[in-house]
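One structure, pasted below without further comment.
Nothing in this text is a laboratory measurement; each read-out follows from the coordinates by a stated rule. Since this is a predicted model, take the numbers as computed values, not measurements. Positions of Cβ are generated from backbone atoms using ideal geometry, with glycine treated the same way; all protein chains shown enter the neighbour counts.
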Amino acid sequence: MNDAEILLRELEGTLLPEHLRELEASLGARPEFALQRRRWRHIAEELTKAQAAPFRPMFADRVVARIGEARRLSEDTIYMHLRWMFARVAVAGVALALVLGVYNVTGGPELSDTVVETLLGLPAPSLESVVMLADA
Amino acid sequence: MSAVEAPPDEELLERARGGDDRAFRVLVDRYQGVVAATVTGMLGLGDDAEDVGQETFIRFHRSLDRFRGESSVATYLTRIAINLSLTALKRRRRWTERFKAPARAAERVSDGFDPERDRERQRQTDWVRAAIAALSPQHRAVVVLRMIEGYSTRETAEILSVPQGTVMSRLARAMGRLESQLKETDR
């Protein structure tokens, strides 16, 4: 253990009694070390006495307000994401419906006689399907 | 006069986890002194310290679900505060701090009983703050935790996530620097 560690452990109160006795015995023979010890003790006292500076009044209120703000912001963000997603899904859905409708009208198999049924890709009712429906 | 017994941390934490802001507010009130000592020790007085103090509690609030009491609330908060302070120190321009620190130190509130004692205490506090401000962030963190806040070497090592030997060597070096400054002041 070097001098610094001995002094620090003494300040902390964790220096073993035998080391403490050795330390006290060596102080007389080493005036420089004794002076260093006095200075370190003085610094430690000054540091302990240093006033802890409190935060400005209403600190807790400001913290809780910021947490509330962050929460609102987070909720807003979720809402904005949902809106963004819905807008894109809706546009894609309408576009797909248009493409399928155009395909049914122009290039698809002729399934029905009316424009609406063709647009929606509905098959024309056949005798067979009418019988199936009646049985059901 | 009978005082209403304050609820224990565990109860407040449980309520805060459930979204009770009033419970969390009590925790902030209870531990703001601990956080203030850390951040003002690390950053000096000023808006930076207040911001880092608030951010410390906001981070704590975000991590409530993860906090299971392996360490005490004070130690947990100190760890967050130290890490945020070290980040803030990296960001801060040193010359700005040198201009601000003496001006803000003069804003300290007197307790109004004994002006002479107040001045002496203020002088000591200013010397300590100036001396600490001259240390590197790593050395400052050790001095604040170990010497000002009174954490043991083991706890300081735990908070800073470094071995105890590192705490001792950093502290020895920091004390050496403070000793040099003390000699300068005494001249």
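Roughly how many debye, to the nearest 20, is the charge dipole of the protein assembly as shown about its Cα centre, given +1 on each Lys and Arg Cβ, -1 on each Asp and Glu Cβ, and no other charges?
Numbers: 47 positive and 48 negative charges, 383 e Å.
So the dipole magnitude of the protein assembly as shown works out to roughly 1840 debye.
Can you work out the Karplus-derived ³J(HN,Hα) for every residue in the stretch A:95-104? Use 6.51 cos²θ - 1.76 cosθ + 1.60 with θ = phi - 60°, whole Hz, and x for glycine or proline.
4, 5, 4, 5, 4, 5, x, 4, 4, 4
Report the relative contact order of the stretch A:29-136, percent, no decimals, based on alpha-carbon pairs under 8 angstrom and at least 6 residues apart.
Relative contact order comes out at 12 percent.
Using the Cα centre of the stretch B:124-187 as the reference point, and only Cβ charges (+1 on K/R, -1 on D/E), how large is the resulting charge dipole? Debye, rounded to the nearest 20. Provide the component values of the computation, followed by the final result.
Numbers: 9 positive and 7 negative charges, 35 e Å.
That gives the stretch B:124-187 a dipole magnitude of about 180 debye.
Using +1 at the C-beta of Lys and Arg and -1 at the C-beta of Asp and Glu, which of A:Pro57, A:Leu8, A:Leu122 has the Cα lying farthest in the positive direction of the dipole of chain A?
A:Leu8
Another question about this same structure. Where does the Debye-calculated log10 I(q)/I(0) of the protein assembly as shown sit at q = 0.06, 0.09, 0.10 Å⁻¹, using only Cα point scatterers of equal weight, no solvent?
Scattering profile of the protein assembly as shown, log10 relative to I(0): -0.39, -0.62, -0.72.
Averaged over peptide B:43-51, how many Cβ atoms belonging to another chain are found within 10 Å of each residue's Cβ? Please list the in-between numbers first.
Numbers: counts 0, 1, 1, 1, 1, 0, 2, 4, 0.
Going residue by residue through B:43-51 and averaging, the value is 1.
Moving on. To the nearest 20 Debye, how big is the dipole of chain A about its Cα centre, given +1 on the beta carbon of each Lys and Arg and -1 on that of each Asp and Glu?
Details: 15 positive and 19 negative charges, 230 e Å.
Value, rounded to 20: 1100 debye.
Same structure, new question: Measure out, as a whole number of angstrom, how far apart the alpha-carbon centroids of the stretch A:27-45 and the stretch B:122-141 sit.
When both Cα centres are located, 21 Å separates them.
With the dipole of the stretch B:139-180 worked out from charges on the C-beta (+1 for Lys and Arg, -1 for Asp and Glu) around the Cα centre, which of B:His139, B:Ser180, B:Thr156 lies farthest toward the positive end?
Selected residue: B:Ser180.
Also: If I model a spin label as a point 7 Å beyond the Cα along the Cα-Cβ vector, how far apart are those points for A:Ala65 and A:Tyr103 in nm?
Going from the A:Ala65 label point to the A:Tyr103 one covers 5.8 nm.
Let me ask something else about it. Between beta-carbons, use under 13 Å as the cut-off and find the net charge around B:Gly165, counting Lys and Arg +1, Asp and Glu -1.
+3
OK, next. Helix A:3-12 against the longest principal axis of chain A: what's the angle in degrees, Cα atoms only, rounded to the nearest 10?
That works out to roughly 70 degrees.
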